[in-house]
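Working notes for the structure below.
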Ligand SMILES: [Zn+2]
């Protein structure tokens, strides 16, 4: 599933392509015909990302809400849109640019109270300046659940997915199984700052790199990582491979319905 940096990049791109313009909306596939009719002909006033949720604000207080889920994908282009290929849920076009949305988990038009309710369910987004890490910490600190599961809970921290959480815990030297209540305020401040830095960098380059300068392929004289998920990482999907810091084999285990990855030497409970 795309993590928060991907949604932020989409919000930025959609603003660049369609922002401030009157947009024609349709649903070639038909499933979103009624929603598309609501926003068609309105001006796209602003785009925004909250965690993994993409919002387009149109005139008349209408908000398009998209959650890509596992399979959702946007494509875009210039000029007139091509004949629709596949199941295009939503097509937006201005004449200069078009974009198509396929396979989202959510695609709906919301009124202001519904937007407020949606945002009220989301935790602190490290990519947002208005995020509140202190409230997140209160939630983390009062739970006995594993810290990795808590950091993936979008009602506590929004926008973080398995890669950012796995890697931030490696960089903090904490095992994914550590209970939330063992997290010190200092450790949380460090993790929060690290998530902000890692996610901002990912927005810039469009991929997730989490290794320090000393552990890049160039610095270590090793081949770059080959993985369809891209990016240079310490432990995510590196099961059995040597830790880049201490050479212990990276371990994996299921945790709260997801896989967790960690180095048994570098990540130990305090
Ligand atoms: Zn290690």
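Taken together, the values in this text are just the output of simple stated rules run on the coordinates, not laboratory data. Values in this document were obtained by computation on a predicted structure and should not be read as measured data. Cβ coordinates were reconstructed from backbone atoms using ideal geometry, including for glycine residues, and neighbour counts include every protein chain displayed.
Remarks
- Highest to lowest packing among 183-191, 251-259, scored as the average C-beta count within 10 Å: 183-191, 251-259
- Degrees separating the helix 4-18 axis from the principal Cα axis of the chain, which is the longest one: 30
- Max mean-square fluctuation residue, GNM over the chain, Cα-Cα springs under 10 Å, options 195, 244, 54: 244
- Globularity index of the range 4-120, i.e. its alpha-carbon radius of gyration over 2.2 N^0.38 Å: 0.95
- Proxy reagent accessibility, fewest Cβ within 10 Å first, across 233, 109, 213: 213, 109, 233
- Spacing of the two label points (7 Å from each Cα toward its C-beta) at residue 37 and residue 229, in nm: 4.3
- Largest first, the extents of the alpha carbon coordinates of the chain on the three principal axes equal 58, 42, 29 Å.
- For 9, 238, order by how many other beta-carbon atoms lie within 10 Å, fewest first: 9, 238
- Helical content alone sets the calculated 222 nm signal of the chain at -9000 deg cm²/dmol, taking -39,500 (n - 2.57) per DSSP H segment of four or more residues and averaging over every residue.
- Arranged from fewest to most other beta-carbon atoms within 10 Å of their beta carbon, 32, 164 become 32, 164.
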